[in-house]
Each structure stands twice: as structure tokens, then as C-alpha cells.
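The values are calculated or read from the model by the stated rules, or taken from the named source; none is laboratory data. On a predicted model such as this, the values are computed, not experimentally measured, just so you know. Glycine gets a Cβ as well: all are built from the backbone with ideal geometry, and neighbour counts include every protein chain shown. Ligands, DNA and RNA are stripped out before the accessible areas are found, and what is left, the full protein with its side chains, is counted by its heavy atoms. Shrake-Rupley method; radii C 1.70, N 1.55, O 1.52, S 1.80 Å.
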Amino acid sequence: MAAWAERLAGVRGVLLDISGVLYDSGAGGGAAIAGSVDAVARRPHSSVCAEHTLICVFVPRLKRSPLKVRFCTNESQKSRRELVGLLQRLGFDISEGEVTAPAPATCQILKERGLRPHLLIHDGVRSEFDDIDMSNPNCVVIADAGDSFSYKNMNRAFQVLMELENPVLISLGKGRYYKETSGLMLDVGGYMKALEYACGIEAEVVGKPSPEFFKSALQAIGLEAHQAVMIGDDIVGDVGGAQKCGMRALQVRTGKFRSNLGTMVKLRMSLPIVYRKQLF
């Protein structure tokens with residue numbers, strides 16, 4: 001207990017991943033991970049202590065604790081509104097304004113830089129781009145397009161990039177895979193890498209593990225990196241990305257977690273990774 005209090009001293013907020021931590025997506029909307037609904041709830045919990053450190057609440061009833069909470073996701077098959085609605089139906093205490101997601105952040109970048117995207121994305125997130133000018137594309141935006149990752153669609157994105165004098169490829173995250181209720185699913189990262197290789201360019205990543213994405217989530221709750229801890233299932237995107245920003249990080253043993261993955265990834269450990277079977 002003392003060791004935990006020391007490791008988490010000064011923590012005032014939590015960035016919480018969604019997919020693989022709160023729920024697994026899948027047919028019928030997916031399913032909440034055991035204990036996760038209660039972990040986020042506002043109901044009182046007797047373990048909240050005066051020191052207000054994470055160990056005092058260790059996630060049960062986060063929103064009842066003194067900690068600030070921000071949900072930080074790379075979800076790119078659903079709009080933020082659809083995702084929050086799904087989580088609410090599963091019983092989570094969550095609102096749209098509490099979620100940092102890559103699609104709204106990407107739209108802001110497109111408007112600020114005058115970019116007109118060719119979209120290679122899932123139909124479920126397309127509504128996020130309704131206000132974006134897509135005439136005469138001067139960039140490509142790629143996300144987890146699911147079944148839309150056909151040769152035809154990938155080749156069209158390749159052609160758009162190759163026709164540009166200064167090609168811009170924006171990727172909503174760069175995950176390798178994620179977990180649905182039916183099993184592991186290939187994520188956007190492999191397709192992003194294919195376009196990078198074919199076009200000889202480097203994608204701009206909007207989402208974890210991008211430092212700017214973590215900083216925007218921290219800014220939303222008014223905290224500095226050293227005051228927050230990231231909780232996620234991805235050792236690279238969640239844990240590694242957070243630590244590179246100066247945050248502390250915890251990895252849960254749900255979602256995409258694999259026991260042998262830690263030996264395959266080299267990370268700077270500002271805080272030893274702590275593996276939790278689940279949030280609660």
C-alpha cells in the first residue's frame with residue numbers, strides 16, 4: 001500500500017481508455033467488461049481517503065473520487081455521439097463532452113490547415129466530417145475502415161496521394177489490432193504503414209500515441225502530465241504514448257492485452273507497468 005501511495009503521489013486525474021478497458025465492441029453493440037460500469041460510477045465508496053491518491057480509490061467509483069476523469073479513445077468506427085450513446089446503454093456514467101476522440105480532433109486540423117480530405121474511413125464515423133469540404137482532395141484521411149479496406153479503396157487513396165505535390169496522410173490512430181467480443185481485429189496501423197511505404201511518406205497520427213492527443217486530453221481537465229495517470233490495454237498506444245508525454249501509466253489485463261507482449265516492446269518506464277486483471 002505504501003509503495004502504491006509513493007508511486008502515485010500527486011496524481012490528480014485519470015485518462016481512461018474505452019475499448020478493451022470499459023467494453024469490447026462487437027455484434028449487438030458489444031459488452032461491458034466485468035466491473036467496469038461500477039468502476040466509473042458516481043456512487044459513494046468507502047475506500048476514498050484523505051490523501052486523494054489513485055490507490056485510495058484504485059479505480060472503483062472514479063467519478064465519486066476527487067480525481068478528474070477524461071475518456072481518451074482511438075475509436076474510429078463510430079462517431080463520438082454514437083459511442084457515448086452505446087456506453088450509456090451499457091450502463092456507463094459518461095457524456096459526450098468527457099471524451100477525447102480522434103475524429104473531432106482531425107476535423108479541427110483539417111479546417112485550420114485548409115485541407116480537403118479524401119476519406120478512407122468507416123461509414124459509422126463519416127457523420128463527423130459532414131462540415132468538411134471534400135472537393136478536389138489535397139490530403140487523405142485514413143481510419144479503421146473495417147470491410148471498406150478493399151484493394152480498390154486502398155489503391156484510390158494511394159492514387160490521390162501520389163497525385164499531390166506535397167502529399168499529406170492523416171491517420172486516426174495507428175493501432176495494430178484491437179479486441180472485439182468475437183476475437184482480435186486488425187486495426188488501421190497496418191493499412192497506414194502500407195500507404196506510407198507505397199508513397200514514401202510518413203503519416204500524421206491523430207490519436208494515441210500522439211503527444212498532441214494526450215496533451216489535448218490533459219488540457220480538457222486542466223492538468224499537467226505529471227499529475228495524471230493513463231489506464232489502458234495497449235502497451236504501445238496507451239502506456240508507451242503516455243509515458244513519453246511524462247505521464248504515469250497502468251495496463252489492464254483485458255482487451256488486447258497479451259502476456260508475452262511486454263517482452264516484445266521496449267519502453268521507458270517512468271512507472272513500472274502494473275497489470276490489473278480488470279478495472280474492478
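A compact table of results
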| read-out | value |
| --- | --- |
| Listed peptides 22-30, 110-118, 67-75, 230-238 by packing density, highest first (mean Cβ within 10 Å) | 230-238, 67-75, 22-30, 110-118 |
| Cα gyration tensor category, rounded, prolate or oblate, for the range 91-199 with a/c compared to 1.5 | oblate |
| Within the accessible area of the range 102-206 (1.4 Å probe), percent carbon and sulfur | 48 percent |
| Sorted peptide list for 86-99, 170-183, criterion being average Cβ within 10 angstrom, highest first | 170-183, 86-99 |
| Added length on full extension, which subtracts the Cα-Cα distance from 0.36 nm per residue, Tyr177 to Arg113 | 20.0 nm |
| Nonlocal amide H pairs with Glu180, under 5 Å, H built at 1.01 Å | Met185 |
| Antiparallel content of DSSP bridges confined to the range 102-206, in %, to 5 | 30 percent |
| Spin-label pair Asp123/Gln219, simplified geometry with 7 Å Cα→Cβ offset, distance in nm | 3.5 nm |
| Relative packing of 149-159, 245-255, which averages over residues the other C-beta atoms within 10 Å, highest first | 245-255, 149-159 |
| 5 angstrom amide H check on Arg12, placed H, neighbours 5+ away | Ala228 |
| HN-Hα J in Hz across the range 207-218 - Karplus 6.51, -1.76, 1.60, θ = phi - 60°, x for Gly and Pro | x, 5, x, 4, x, 4, 5, 4, 5, 5, 5, 5 |
| Amide hydrogen neighbours beyond the local backbone of Val252, cut-off 5 Å, H modeled | Gly232, Asp233, Arg276 |
| The range 102-206 - accessible surface per residue (Å², probe 1.4 Å) | 51 Å² |
| Estimated FRET transfer efficiency (Lys193, Asp133; beta-carbon r; R0 25 Å; 0.05) | 0.35 |
